[in-house]
Each structure stands twice: as structure tokens, then as C-alpha cells.
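Everything on this sheet refers to the single structure shown next.
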Amino acid sequence: MRLKKLVLQGYKTFASKTEFVFDEGITAIVGPNGSGKSNIADAVRWVLGEQSYSTLRGRRTLDMIFSGSQSRPRAGMAQAILTLDNSDGWLPIDYSEVEIGRRAHRSGENEYILNGQKVRLKDISDLLATSGLAERTYTIIGQGLVDKALSLRAEERRALFEEAAGINHYKSRRAETLRRLQETQRNLQRIHDILAEIRPRLNSLRRQATRAQNYEQLTADLQNLLRTWYGYRWEQAKLEVRRARKTAVSSEKTWQASRQKMRTQQENGDDLRRQIHRLQQQTSETQNKRDGLRDQLEIARREVAILQERRASVQRRLQELEPELPPLAQQQQAAMDELDAATAELMTAQATLTQASEQLQTFNANFQSQQAAINKWQRELDQSIIGQRTGQTRLAKLQGQLNQLREQLAEQEAQQPSLDDAESVKLQAEVEKLTAVFSTTQQKVDDLRQKRHKVQAERQLLIQELKKARRSLREEDQQLNRQQKELARLEAQTEMLNQMRHRETAVNANIPIQGNLAELITIPAAHQQAIEAALRTGLATLLLTDEAALWQLLAEHNRDETVAVATLDNLNPISPPQVDDKAAIGWADSVVSSKKLGAPLVQLLLGSVLLVVDAQAAVRLAKSLPAGCVAAAPDGTVAHAGGLVELVGQSAQNSVLAREEAWREAQASLAAKKESVAALETAVNQQQNNIQSQQDKVDGLNNEEQQLGKRLNEARQKAAQAQRELDLQTQQQQFAQRQQAAQVEVAARLQTRIETLSAQAKDDAAELVRLETAVTHAQTELDSLPVAEAQQQRDTLRQNIGAEQTIVDGRRAVVDSRRATLNQFEQQLTRLKERQAALQRQQTEFAQNKHEQDRIRLQDEMEVLDSQLAPMKSRLVELQDELGEVEEETAVLQKEAHDHETIYTQAKIGFSQQKSEIEGLQERIKADLGIVALHYDDDQTGPTPLPISGVQALPKIKELPDDIEETILRYRGQMQRMGAINPDAPEEYQETQDRFDFMTEQVEDMNQTEERLRTVISELDELTSRAFAETVDKVNAVFGETFTQLFGGGAGRLLLTDPDDLTVSGVDIIARLPNRREQGLALLSGGERSLTAAALIFSLLKV
């Protein structure tokens, strides 16, 4: 028993630390459901590295930690430690006892522990891979895992046999190795990309390094020339500074004297200005007071004018009221007289009625014997009489109201005359005319707005196109600038290459030459090294026109320089012999192509060079060549006819041919670049023309838009004016219509009221006729009674009373009507008198107003101030004239001082300029020569370098050589044409070359390592396939026996699905139950499948 102990703490249901000790033999764990038996098996699988939480019956890490209960809080982590006995060394680790632990925290973090040390999950998996305890083995069988062994496909079931064979560890290592090989392939791809980037950079750096070396040489030569030139310039600058200083001191003294005179005169002028200023202040204060009084006077005058206008207005209104008062007073008096007359008549009628009533009462007191019928008819008679009287009273009131309403209607018609039809028609015609004008103007505004919008849209479209064109032009300009810079660089490069190709054969410009040999020939690339090795310096041979040029060259040439020359009239080329040999390519003059002018020189120098295929052929054929001939091989081996053999190394970069070839390539590139630049310039010019054309269109549209905008504004103003006039006329028409409608409405209301009252009066009159009829009927009935005389007397009395009562009622209605008329006249007269009193009060207030008095007072004060201002202004003019004379004298002195100051300033500026120039010269010396020791005058100071080695003094030069400036300019021009120089190019080139070589070697090593690894993987595949086949055979043998034991008969066997390819073959199970034929697993029952799975698992564990 290799499992010794299991310790759980905080794992699932085991909240406290729980220790399980496993002794020798079989250990069984029993307990009721839910007690945690399955959690122990899960803990063993979990501590061995299981990553599938579904297998552990959970969904996440938190499900592995004790979640708490009613009596205990939840745990912060879960821990399981498994102790294994390793005394027989079945685990590949030098410990007799191995503790494997795992911790899980609520943060989701997992820790793995091996003998108390934290390790990785991979370390645990590697340790258990060869022991049969990997996470996917069937050493631990949980719930449902038995049936799962049979539900696997044949290819998936292969993993069980690979674990039994112990090759899973190697397969995982193989997969890891293949993954790393894939990463290595990707890294190799990246390295190849880097090498592809470095390779062209090497050529560029090589060229840059060569240019840097040439630049350094030019810099050294230029430094020597600049030291001499700056030495002379420094001495001249010091002399100019001394002169400028002397001139500045003399000019300053003169300027100070003239400035003192000017200051004295300026002080006199300042005194006068102060006096003028004080007088101006007094004058200004007085003037301000006068201006204030003038403003107050203007206000008073305006107030007086306003009051006069108001007084006139009040007077006019009073005059308008005076004619209205007498008629109203007369009407009031007439109404009072009528009221008095009506009142007297009413009193007379009332006295008569009282007398009649007293007579009736006396008669009634004497009349005692009345019958019931008399009483009845008497009551009806009385009621009818009362109704008659009431009706007469109501009718009289209605008549009074009708008279009042008719008078009001007449007054309304008199006070508010109706609108004339002609004026209404005129207003309507004016409104229609203005409406037509407004519609026409608005239509014009709409048309102009549409035109403007159209022009704006077209202009915006053109602006967008113009922006695009300008962006395109900027891009083309930038491209043109880049191309021009590239062209300038190519020109400088071509010029430098031209100078370099002529540097070794430099001659005076007045000597006529046709060129050197390298310029006159074109050599195929295959023979270039051979011909260059054979000729070497002969490629620089100059071809002169005649002997006179030769003698001129000999007379003027520097003897320290080596030069080879030939003249056209002295060339005597030799005829080379015929060589019949397969190794001979031919004579060099027949291989190269040359200009017609240089053909004799080519035949002279190249006619003795035999081109062969290799060095052996060169040595062999040279033995048979005539004297002066050589045989040249492509690798640079040159064999002479006398037996001398030269091995010429490659110097492609500095050779004459290389320089000539580089110059020709540069010429071709320069020509192509010029064509490209010219085409681009043409495109840019055309684009500029197009842009200018579009800009002109935009400007034209802008002008048109502005014109349309002006016309639109004018049309809008006209439309607004027409709208205002139309609104004014419409308002007038509406006011007139409202006025007429109000008049009609008032008249209609009065007429309606009159009609209503008339109808009511008519109804009352009809009712009064009915009542009179009823009275007559009742009186007739009473007359027919026996007491006719008494009744007649009483009726007579009653009729008298009724008549008198009617008269009284009528006269009372007349009195009410007359009193209402009088009240109306009194109200009108009261209103007029109130208006007259108010106007008279305003007139009194206007008469008592003080504005006129204020105006007179202010006028007097202004006259006093004017009398004070006159002498002040006279004195101010005198002082200003005196100041003018002083200022003229001051101006003369200022001009003199200014002139002297200008001279001094110029001298000072000249001195400053000289100092700036000498400082600038110092900066240029420092920039061009670095730190040097300068010679200073006694009164001159400047920086002095420390006395350290390497600091040289600038020489004192009194006179310059004639051509030194031209030489400096030529050197600087050469350096400028060389363009930007990378001084670190040689080092960068060497570093890049070393990196390129190192990476190339690493790529080779990685390719070799990959090849070896793939060989090892192939061998390992073969070994694992063999082990897998042997394991399947062993398990098949044990599986047959176990199957027979479990089923009490029958047979079971394992079958490889692809025995020809054991690396991918699956394992299928064929079962034959007792007394039944062979069949697949799918046809077995549930119990048969479980027994078959158990037989398979037992067989795997036994092997």
C-alpha cells in the first residue's frame, strides 16, 4: 500500500483538520449518505492535479472550500495533503516519503506543494506521469467513471492504454517539444525577416562608411586651411574693433555737449508749458462751467418751449369748451322748467285723486246694505281697475324708456357718422395694390435666394474640389521636394564620383584629353575582375589628342604623382596570335566594347590580355604566349608569359572600374531622376494651373454671390417696406371696419332694445284694453243690480278715482322722464365744467412755472463767465506764441543733438557690430576649429582655454594666400554635395555585419537542432508505438481471463482499429457472452456493460 495518509482542512464538508491513515491491505470507508465519502475520493483526485471541476462535482474553485454552516463560519481556503510511500523508489525523486499538497483560496488562486515547497502544477504532473497517478488515469475511480470507460470512442480509449504503457509522459513531452519547434519556426521566420531587412542595410552602411572616410579626409584638409584663414580674419577684426571704439568715444563727447544745450532750452519750454497748462486748466474749468450752464440753459429753453406749447394747447381746449357750455346750460334750464311744469301737474292730479278717494270713502261709509253679488262684481271691478291702473303705470314707464332710447340712438348716429363707401373702396384698393407689390417683391426675394443658394452650393462644391486639389498639390509638392532633394543628392553623388574617378589622373583643365581607358570601354561583368587584375593602373591611362598635349602635360605635371598617358597619333597596337584552346575565352579587346575614338588604345592595352576560364588554364596557356602578353582568370589570377603569376585581390569598391561603373550608374540614375522630376514639375504646374482656374471660378462665384446678396438685401428691404405699408393700410382698414362695426353694433343694440320695449308696450296696451273691457263688464253687471243708483254713484266715484289715478300715473311717468333728461344734461354739464376746471388749473400752473425765471438767471450767469473767459484766452494765446518761439529754438537744438546722437549711435552700433562680428568670428572659429587659443589685445577680454594638451594657438597671419578662399569654398562645396554624413557609419556597419553574421550562424545552428529533434521525435514515436502495441497485447491477455471470470464463461478481446499505424490507432472491445455470439458494446445491457468496463479497468491495473 503506497498511500499512507491524507490530511484535509477546509475542503468541502471537512471544515476542521481531518487525518485519514491508510494501513496495509484494503481500506474501506463507510458511512451514511451525505457524510462525505465521495469528497475523500474527490480530494485525492484534486490533490493530484485534477483541473476539471465537473469531475470533482463542482463548478469553480469556491465549491472546493467549506462554505460554512449555522454553527461555523465559512473557511478562507481549502487544503489537502497526500502522503505517499516511496521507499522502493517508484517515484523519480530522492525521498522515501513524498507529500503532495494543494491549496485553494477564495480569490481563485491555487498553490501546489511538494514536500513543503511550493511548485508548479507541471512539476507535479511530470513527477506522477511515469507512476500511473496522472490526473486522467483510472487509478482513482469515481462515480460514473466505470461506464464512461465504455462510452469512449476507440480513439479516445487509446489514452487508457498509453497510460498503462507509461508513454503519456513522453507524449506530453513530445507535444511540448513540437510546440516549441513551432515557436522556433516562428522565431526563425522573424529572424529571416530581420536578416532580409539587415541585408540591404549592409550595402547602405558600406556606402555610408566610405563617404564618412572621404568626408574625414576633406575635413582634415579644410581644418588646416581654416586655421590660416581665421588667423588672418582674427587680426583684422581686432584692428576694426579698435577703430570703432575710438570713433564711438569721440562721438559720445560731442553728443553730450549738444544734449546739455538742448536740455536748458527744454527747461525754459517746460516752464512756459506749465504756465500754459495752469491757464488752460483755469480756462477749461471756466469753459466747463459755461458749458454746464449752457446745457442747463438749453434744457430750460426746451422746458419753456414745451410749457408754451402746453399752455397754447390748454388755451385751445378751453376755447373749444366755451361754445359747448351755454347750449348745455340752456338745455338744462329747459329740462328743469319742463320738470317743474310736470311736477305741478302731478301735484294737481294727486290732489284731485285724493279728493275723489275721500268722496268714495264717504259714500262707502254711508252704503251699508250691499248684496253678495254686488260685492262680487265690486271685487272684480276693483281688481280690474287695479290691473288697469298698474298697466297704465307700466305703459307710461315703457313710453319714457322708449323716448330715452330713441334720444340715445339719435345721439349715437349724430356723434359717430358711418364710414364713407368711397373711402372704404379706396382703402381696399390701396390694400390690394400693396398686397400685389409685396407678393411681387417677395417672389423676387425667393428667386434671388434660390439663385444665391445655387451659387453657394456650386461655390462650396468648387471649394471642396479646390481643397482636394490643394491637398494633392501639397502632396505633389512634398513629393517634388523629396525628388528634388534626391536629385540634388544624386547630383552631388555624381559630382563626387566624377571627382573620385578623376582624382588619380587629375590634370590641368587647359590640357585637352579624350578621357581615360575606363571611361572609353564597357566590360561585361563576367570578365570585369580578370581585366581589372590584368591592367590595374592601366585602366587610368589618359588618352591625349596629340603630342603637343603630351609635352604640355609633361611640363605642367607634378612629378610626385604617377600618371599614364597615350596620344592618338603615337599609338601602335600589336596583333595578338591566334590561340586555339577550349580554356581560352578570347583576347580582351574583342570582348569589351569601346568608343570609336578609344579603339586604338583598347587594342594596345587589352590586345595582349588573354581571358581564360580558370587559374590552371591561365598558368598553362601563359607559357605559350609571346612576351608582354598575360593570361587572366575570372578569380583575379594573372599569369605572365615569362612565368610570373600574380594573385590580385578584390578591391571592387576603390578600383578604377568600380568608380567608373558607379559613376555611370549614378549618371543613369541622375538622368532618370531628372526625367521624373521634370514630369513631376509638369504635373505640379498643371495642378497649379488647374487650382488657379478653379480659384478664379470660386472668386467669380464669390463675386456673383456678393452681388446676389446685395440684390437680395435690397429686395428684402423693399419687401419689408411693402410689408410695413401693407400692414399700415390693413390696420387703418381694420380700424375703420371695427369702428363701423362698433357703431352698427351699438345702434343694433339700441334698436333691439327699442323693438323689445315697443313690443312690451304693445302687449301692455292690449292688456290695458282687456282690463278696460273687464271693468266695463263688471260695471254693467253692477248697473243691472237693484241698487243701481247707489252703485252708479259709487261707480262714478270709482271711475273718477280711476281716471284721476291714470292721470296721476301718466304725469308721474312724465315727471320721471323729465327728471332723467335733466340728470343726463346735468351730468354732461358737470363733466364739461370739470374738464374746464382742470384745464384752468393747468393754465394756472403753467403761468406760475419757474422755468422762465431759471432761463433768465442762467443767461445772466453765462454772460458773466463769457466776460471772464476773454482775458484768459488772450493770455493763453500770448503764452502759446512765446512757447512756439522757444520750441522752434529747441527743435534746432534737438536736431543738432539728434544728429550728434545719430553719429554717436552709428559709431556705437558700428562698435557693437564689430564686437558682434568678432564674437561671431569666435563662434565660427569654435564651430569650425573647436577650442583654440586666441590672441587678445590689452583692452580686450575673452575666454581662454585651459592649458591642456591638444589645444593649439591660432596663428597670427598678416597676409592670406591668393587662392585660399577659393580652395575653402571648393572643399566646402564638395562636403555639401556629399550630403548628410553619418560619422558612426563605419562602427554601425561593423556592428550590423557582426550581427548579421551572428544571426546567420544562429539560424544554421537552429536548423541543425530542429533536424536532430525531429529525428529524435521519429525514433520516440517508433518506441512509443512499440510499447503501446505490447501493452495492448498484455492487457488483451489479462482482459480475456478477467472477462471469463466475471461472466462465468464467454470470451472478450481487444482489437486495434488501425494496426498499420500504431501512432493513431484506437482500441475497440469485442465481447462474446456465454452461449451467445460476439457483439459490440452497444448491444450489451447495462449490467453487462458495467462488468465489461470493470474487466477492462482491472486488466489495465494489473498490467
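The values are calculated or read from the model by the stated rules, or taken from the named source; none is laboratory data. All of these numbers come straight from a predicted model, not from anything done at the bench. Note that each Cβ is placed from the backbone with ideal geometry, even for glycine, and that neighbours are counted across all protein chains shown.
Looking at this structure, is residue 147 modelled with pLDDT of 70 or more and either surrounded by fewer than 18 Cβ atoms within 10 Å (Cβ to Cβ) or assigned to a helix (DSSP H, G or I) (or both)? Lay out the reasoning, then the answer.
Numbers: modelled with pLDDT of 70 or more: no; either surrounded by fewer than 18 Cβ atoms within 10 Å (Cβ to Cβ) or assigned to a helix (DSSP H, G or I) (or both): yes.
No, not satisfied.
Would you pick out the residues in the range 941-960 that are surrounded by 13 or more Cβ atoms within 10 Å (Cβ to Cβ) and either at pLDDT 70 or above or in contact with a helix residue (DSSP H, G or I) (Cβ under 7 Å, 6 or more places away or on another chain) (or both)?
954, 955, 957, 960
Would you be able to tell me the number of residues in the range 451-476 that are free of Cβ contacts under 8 Å to residues at least 40 places away in the same chain and either outside any helix (DSSP H, G or I) or over 18 Å from residue 700 (Cα atoms) (or both)?
Of the residues in the range 451-476, 4 are free of Cβ contacts under 8 Å to residues at least 40 places away in the same chain and either outside any helix (DSSP H, G or I) or over 18 Å from residue 700 (Cα atoms) (or both).
Any idea which of (1) at pLDDT 80 or above; (2) surrounded by fewer than 20 Cβ atoms within 10 Å (Cβ to Cβ) is the one residue 569 doesn't satisfy?
The number of the failed condition is (1).
Here's a check for you: in the range 1060-1077, which residue that is without any contact (Cβ under 8 Å) to a residue 24 or more places away in the chain and either within 28 Å of residue 1020 (Cα to Cα) or surrounded by 12 or more Cβ atoms within 10 Å (Cβ to Cβ) (or both) is farthest from the chain's Cα centre (by Cα)?
The residue in question is 1072.
Inspect the range 31-46 for any residue being farther than 18 Å from residue 118 by Cα, in the same structural domain as residue 122 (by TED's automatic domain parsing) and touching a strand residue (DSSP E or B) at 6+ places or on another chain (Cβ under 6 Å) and give the result as yes or no.
Scanning the range 31-46, I find at least one residue that is farther than 18 Å from residue 118 by Cα, in the same structural domain as residue 122 (by TED's automatic domain parsing) and touching a strand residue (DSSP E or B) at 6+ places or on another chain (Cβ under 6 Å), so the answer is yes.
Please list, ordered by first then second residue, the pairs with beta carbon atoms under 7 Å, 6 or more apart or interchain, first in the range 974-987 and in a helix (DSSP H, G or I), second acidic (Asp, Glu).
Note: pairs meeting the criteria are 977/495.
Taking the residues in the range 860-880 that are without any contact (Cβ under 8 Å) to a residue 40 or more places away in the chain and of a type in the set (A, V, I, L, M) as candidates, determine which candidate is surrounded by the most Cβ atoms within 10 Å (Cβ to Cβ).
In the first step, residues of the range 860-880 are kept if they are without any contact (Cβ under 8 Å) to a residue 40 or more places away in the chain; the result is 860, 863-864, 867, 870-871, 874, 877-878.
Okay, now just the ones that are also of a type in the set (A, V, I, L, M), so 864, 870, 877.
Working: 864: 12, 870: 9, 877: 10.
Within the range 860-880, the match that is surrounded by the most Cβ atoms within 10 Å (Cβ to Cβ) is 864.
Rundown of residues vs (1) at negative phi; (2) among the hydroxyl-bearing types (Ser, Thr, Tyr); (3) touching an Asp or Glu at 6+ places or on another chain (Cβ under 7 Å); (4) surrounded by fewer than 16 Cβ atoms within 10 Å (Cβ to Cβ), yes/no style:
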| site | (1), (2), (3), (4) |
| --- | --- |
| 32 | yes, no, no, yes |
| 40 | yes, no, no, no |
| 54 | yes, yes, no, yes |
| 65 | yes, no, no, no |
| 98 | yes, no, no, no |
| 108 | no, no, no, yes |
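Residue by residue, here is whether (1) modelled with pLDDT of 75 or more; (2) farther than 30 Å from residue 182 by Cβ; (3) surrounded by 12 or more Cβ atoms within 10 Å (Cβ to Cβ) holds:
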| residue | (1), (2), (3) |
| --- | --- |
| 918 | yes, yes, yes |
| 921 | no, yes, yes |
| 924 | yes, yes, yes |
| 970 | yes, yes, yes |
| 976 | yes, yes, no |
| 990 | yes, yes, yes |
| 993 | yes, yes, yes |
| 1001 | yes, no, no |
| 1009 | yes, no, yes |
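Output the number of residues of the range 205-257 satisfying the condition of being of a type in the set (Gly, Ala, Ser), under 55 Å from the mean Cα position of the chain (by Cα) and surrounded by fewer than 16 Cβ atoms within 10 Å (Cβ to Cβ).
Going through the range 205-257 one residue at a time, the tally reaches 1.
Which pairs do you get when a residue that is over 30 Å from residue 766 (Cβ atoms), found in the range 362-389, comes within reach of a residue that is among the aliphatic types (A, V, I, L, M) and modelled with pLDDT of 70 or more, reach meaning Cβ atoms under 6 angstrom, with the pair 6+ apart or on two chains?
Here the result reads 363/797, each pair linking the range 362-389 to a residue that is among the aliphatic types (A, V, I, L, M) and modelled with pLDDT of 70 or more.
Okay, residues lined up against (1) out of contact with any strand residue (DSSP E or B) (no Cβ under 7 Å at 6 or more places or on another chain); (2) at pLDDT 85 or above; (3) part of a loop (DSSP other than H, G, I, E, B):
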| position | (1), (2), (3) |
| --- | --- |
| 55 | yes, no, yes |
| 62 | yes, yes, no |
| 70 | yes, no, yes |
| 78 | no, yes, no |
| 101 | no, yes, no |
| 126 | yes, no, no |
| 136 | yes, no, yes |
| 142 | yes, no, yes |
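Cβ-Cβ distance below 8 Å, separation of 6 or more or different chains: which pairs start in the range 564-581 with a residue that is touching a residue at least 24 places away in the same chain (Cβ under 8 Å) and outside the structural domain of residue 535 (by TED's automatic domain parsing) and end on one that is among the hydroxyl-bearing types (Ser, Thr, Tyr) and surrounded by 10 or more Cβ atoms within 10 Å (Cβ to Cβ)?
Sorted first by the residue in the range 564-581, then by its partner, the list stays empty.
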